[in-house]
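We did not get these values from a lab; they are worked out from the coordinates using the rules stated. A quick note: this is a predicted structure, and the numbers were derived from the prediction, not measured. Note: ideal-geometry Cβ built from the backbone for every residue, glycine included; neighbour counts use all protein chains shown.
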Amino acid sequence: MSAARRRLLVLLLPLLWMAVFFLAPFAIVLSIAFAEAAEGLPPYAPLLRWVDGALTLQLNFQNLALLAEDSYYLDAYLLSLRVAAISALLCLLVGYPMALAIARAPERWRVPLLLLVILPFWTSFLLRITAWIGILQDQGWLNGLLLALGVIEAPLQLLYTEFAMYLGITYCYLPFMVLPLYASLVKQDPALLDAAADLGAPPWRSFLTITLPLSLPGIVAGFLLVFIPAVGEFVIPELLGGPGAQLIGRVLWTEFFQNRDWPLASALASVLLLALVLPIALFQWRFAGERRR
């Protein structure tokens, strides 16, 4: 068996997985995006219909046109991108020192420290968000502590604010940033830092010229792992964010379950997915081309 055939057999299972659980569902959602809303179940008309005794394909482009014309949906997209970018940046600022500390810790402590990072994943996602509601509400633990210490004279409005939303997203997605950063940092050779110190470089210069550049793959991976799911986040903005946090996830939920406009909601989801996948695919193609050179 040739090397090309062996490689194809190795890739066959993940390719089949992607086809069944990504391409097929996306094709279904994309087809609904070109349908017309209708009464009944499901609440849209089929694309293939009999017209004058012939089976014809009826494509509806009004949903895509509405997304381009209505600023409400464009604002939801832009707000989602902004919230996801800020959340990923916050996770990077918090997660990088954590990952660096774990990578530089003695080897016997690394696994327990990583377990502490992953430990919140062992509890329910909704339970963790509900716990933050109890902490941030007007009569919650945080306001109670600040009042007891005399820091504030009246409870602060912490819940249902942008602060609470960013706090919840950063808390929930922080492990997605720490783990790839740790994997990148722990592989760095300590001899490089020793050599820089022998040459008279202070610690901050060694970090900027050695540690940070070598950890860029982990930074990019962690940023994408946080940014991509945060764009479509629904639960955290719904439970912690204010009424102005109309992210695309909340808009999608409204169109699907309240307005029951599945074609419009499918168009929203398809545009969002393409807007996320195409830049990443272009970056991978460009990066692979540069590596081949």
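Remarks
- Three-way shape label, segment 16-136, alpha-carbon gyration tensor, a/c 1.5: prolate
- Helix-only [θ]222 nm of the chain, DSSP H runs n ≥ 4, -39500 (n - 2.57) each, per residue, nearest 500: -21500 deg cm²/dmol
- FRET E, pair residue 69, residue 234, Förster distance 22 Å, beta-carbon r, rounded to 0.05: 0.35
- Listed residue (200, 225, 136) projecting farthest to the positive dipole end of segment 70-260, Cβ model: 200
- In plain terms, the residue of 18, 98, 165 with the fewest other Cβ atoms within 10 Å comes first and the most crowded comes last, giving 18, 98, 165.
- Largest first, the three principal axis extents of the alpha carbons in segment 131-195 are 54, 23, 17 Å in whole numbers.
- In nm, spacing of pseudo-spin labels at residue 209 and residue 186 (7 Å Cα→C-beta vector): 2.9 nm
- Normalised contact order of the chain, rounded percent, pairs of Cα under 8 Å and 6 or more residues apart: 27 percent
- Computed FRET value (nearest 0.05) for residue 93 with residue 21, which takes r as the C-beta separation and R₀ as 25 Å: 0.15
- Taking one quarter of the surface of the convex hull spanned by the alpha-carbon atoms of the chain gives a direction-averaged projected area of 25.4 nm².
- Kyte-Doolittle mean at least 1.0, axial Cα span of 30 Å or more - DSSP H helices of the chain: 71-104, 162-185, 262-292
- Gyration tensor (alpha-carbon) shape descriptor, segment 174-280, a/c threshold 1.5: prolate
- Of interest is the spacing of the C-alpha centroids, which for segment 44-106 and segment 124-185 amounts to 25 Å.
- Counting only Cβ charges, +1 for Lys and Arg and -1 for Asp and Glu, the dipole size of the chain around its Cα centre is about 1460 debye.
- In segment 38-173, taking the dipole from charged Cβ atoms about the Cα centre, the farthest positive-side position among 169, 58, 72 is held by 169.
- For segment 242-251, putting each phi into the Karplus relation 6.51 cos²θ - 1.76 cosθ + 1.60 with θ = phi - 60° gives couplings of x, x, x, 7, 8, 6, 5, x, 5, 5 Hz, in residue order, rounded to whole numbers and with x for Gly and Pro.
- Extension gain, residue 38 to residue 153, is 35.8 nm, computed as 0.36 nm per intervening residue step minus the present C-alpha separation.
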